[in-house]
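Student: Structure incoming, see below.
The values are calculated or read from the model by the stated rules, or taken from the named source; none is laboratory data. Here the structure is a predicted model, which is why all the values come from computation and not from measurement. Backbone-built Cβ (ideal geometry, glycine too); neighbour counts: all protein chains shown.
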Amino acid sequence: MFTLISDSMRTSDNGLIVRLKRAGATFALFVLVMPLLASCGINSIPTYEQQAKAAWAEVQNQYQRRSDLIPNLVATVKGAADFEAKTLEAVVEARAKVGQTQLPPDILTNPEAMKVFEQNQAALTSALSRLLVVSEQYPELKANANYQTLQAQLEGTENRIAVARRDYILAVQQYNTEITTFPGRFWAWLLYSNAKEMAQFTTDEKAATVPAVNFN
C-alpha cells in the first residue's frame, strides 16, 4: 500500500516537473520570439493609432484656442466707428456654426464628419481673414494695443494650426499605410480587426480663400 502511494507521489511530482519544464520552455520561446515579432511590426498599428489620435487632439486644441480669441477680437473691433457690420456678423456666425457642430465619436474614421468639420473651420478662417484685411483700413484699430495683441495671437494660432494639421496628416498617412500594406495588413487581419483607415483632411481651397476686398 505504501509502495502504491509512493509511486503515485512520484508520478505526480514527475507530472509537475514536466509541466514546469514545458512552462519554462514556453516562456523562453516567448522571450526569444517577442523581439522578432516586434521587429516585424506587431506593435506598429496601435502605436501609430495613438500617435494619430494625439495629433488630432492637438488640432482640436489649436482650433479651440482660436475660437476663444474671437469674442475679444470682435468686441475690440466693434469699437471702431462705422466698421463693416457684415464682416463682424460673418465671423460671429462662422464661430457659432463651429461651436454648434457635434463631432461624432468616430470622426477619425468618418470621412463625411471630418469633411464637415474642416469646411466649418475653413469658413471661419475665411471670415477671420476678411476681418483682419478690413481692419487694416481703420487707423484707430491699428493703433489699438489690445487689437494689436489679439492680431498677433491670432496669427500665432494660425501658424500653430498649420503645424498641427501637418502633423495630423503625416500621422494618419503613416497609420493608414501601415494597415493597408504588408506586414501591417497581416497584423491588422490577425490581431487588430477593428483597425480602420482614418479620415484625412481634404483641402477646400475655395472655402479657405480670403475674399477680395474693394474699398473704392
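Every residue, every condition in (1) in the same structural domain as GLN50 (by TED's automatic domain parsing); (2) in a helix (DSSP H, G or I); (3) within 30 Å of ILE42 (Cβ to Cβ); (4) at pLDDT 95 or above, yes or no:
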site	(1), (2), (3), (4)
ALA113	yes, yes, no, yes
LEU132	yes, yes, no, no
GLN148	yes, yes, no, no
LEU170	yes, yes, yes, yes
PHE182	yes, no, yes, no
PHE201	yes, no, yes, no
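Student: Next question, about the same structure. Suppose we keep only residues that are among the aliphatic types (A, V, I, L, M) and surrounded by fewer than 13 Cβ atoms within 10 Å (Cβ to Cβ) within segment 140-162. Which one would you say is nearest to LEU124 (Cα to Cα)?
Tutor: ALA162
Student: Of the residues that sit in segment 144-161 and are within 26 Å of the chain's Cα centre (by Cα) and without any contact (Cβ under 8 Å) to a residue 12 or more places away in the chain, which one is farthest from ALA199 (Cα to Cα)?
Tutor: ALA152
Student: If a residue must be over 19 Å from THR101 (Cα atoms), of a type in the set (A, V, I, L, M) and out of contact with any Asp or Glu (no Cβ under 8 Å at 6 or more places or on another chain), how many such residues does segment 115-160 contain? Please lay out each step first, then the result.
Tutor: Step one: filter segment 115-160 for residues over 19 Å from THR101 (Cα atoms), giving 129-160.
The next check asks that each one be of a type in the set (A, V, I, L, M); those that pass are 131-134, 141, 143, 145, 150, 152, 154.
Add one more test, that the residue is out of contact with any Asp or Glu (no Cβ under 8 Å at 6 or more places or on another chain), and what stays is 131-133, 141, 143, 145, 150, 152, 154.
Of the residues in segment 115-160, 9 are over 19 Å from THR101 (Cα atoms), of a type in the set (A, V, I, L, M) and out of contact with any Asp or Glu (no Cβ under 8 Å at 6 or more places or on another chain).
Student: Within segment 84-111, count every residue that is in a helix (DSSP H, G or I) and either over 29 Å from TYR147 (Cβ atoms) or of a type in the set (Ser, Thr, Tyr) (or both).
Tutor: Of the residues in segment 84-111, 5 are in a helix (DSSP H, G or I) and either over 29 Å from TYR147 (Cβ atoms) or of a type in the set (Ser, Thr, Tyr) (or both).
Student: Scan segment 114-143 and report the pairs whose first residue is closer than 11 Å to ALA94 by Cβ and whose second residue is surrounded by 19 or more Cβ atoms within 10 Å (Cβ to Cβ) and among the charged types (D, E, K, R), with Cβ atoms within less than 7 Å and a gap of 6+ or a chain change.
Tutor: LEU124/ARG95
Student: Go through segment 43-66 and report how many residues are polar (S, T, N, Q) and either in contact with a Phe, Trp or Tyr (Cβ under 7 Å, 6 or more places away or on another chain) or buried (at least 16 other Cβ atoms within 10 Å of the Cβ) (or both).
Tutor: Residues that pass the stated criteria total 3.
Student: Does ALA75 meet the test of being under 32 Å from the mean Cα position of the chain (by Cα), surrounded by fewer than 17 Cβ atoms within 10 Å (Cβ to Cβ), part of a helix (DSSP H, G or I) and at pLDDT below 95?
Tutor: Working: under 32 Å from the mean Cα position of the chain (by Cα): yes; surrounded by fewer than 17 Cβ atoms within 10 Å (Cβ to Cβ): yes; part of a helix (DSSP H, G or I): yes; at pLDDT below 95: yes.
Yes.
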